[in-house]
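To keep things clear, I will list the structure first and then write my remarks on it.
The values are calculated or read from the model by the stated rules, or taken from the named source; none is laboratory data. In this text the structure is predicted, and so the values were computed from the model without any measurement. Using ideal geometry, Cβ is built from the backbone for each residue, glycine included, and neighbour counts are taken over all protein chains shown.
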Amino acid sequence: MALTISQQDNTITLEGKLNATTVRNFKMHFGLIQNPFRNLTIDFDEVTEIDESALYTLKEMYKNEALKSNPFFVTGFRSEEIYEDYQFSNIA
């Protein structure tokens, strides 16, 4: 299953697999909408798979946004896996 990206206001909902191929599309979509919304929430509830390259990309995206004082929030079933990966990240 490909990655489906939908958005309502400042919440982005992802559905499907987030891997090396699909994370590029997500990163491009994220780049287009990050300016209008300062507080973005990304819902991973319907994501069925996240590979290491996607976790790395998400961590880099988070670091970049945090350095601009514009971090995004992660929710959903897979959010614990993502936060565990972030906790060892040195942002500053």
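Tabulated values for the structure
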| quantity | calculated |
| --- | --- |
| Pair list, Cβ under 9 Å, 6 or more apart: the stretch 71-89 residue under 14 Å from Glu46 (Cβ atoms) and at pLDDT 80 or above, other residue of a type in the set (Phe, Trp, Tyr) and not in a loop (DSSP other than H, G, I, E, B) | Val74/Phe44; Val74/Tyr62; Val74/Tyr83; Val74/Tyr86; Thr75/Phe44; Gly76/Phe44 |
| Inter-residue pairs, beta-carbon under 8 Å, first among the polar types (S, T, N, Q) and in the stretch 1-25, second surrounded by 14 or more Cβ atoms within 10 Å (Cβ to Cβ) and assigned to a loop (DSSP other than H, G, I, E, B), 6+ apart | Asn10/Phe37; Asn10/Leu40; Thr11/Leu40; Asn19/Asp51; Thr22/Leu3; Asn25/Leu3 |
| Of all residues in the stretch 9-21 being closer than 15 Å to Phe72 by Cβ and over 12 Å from the mean Cα position of the chain (by Cα), the one that is surrounded by the most Cβ atoms within 10 Å (Cβ to Cβ) | Asn10 |
| Given (1) in contact (Cβ under 8 Å) with a residue 12 or more places away in the chain; (2) of a type outside the set (Ser, Thr, Tyr); (3) in a helix (DSSP H, G or I); (4) closer than 17 Å to Ile5 by Cβ, number of the condition Gly31 does not satisfy | (1) |
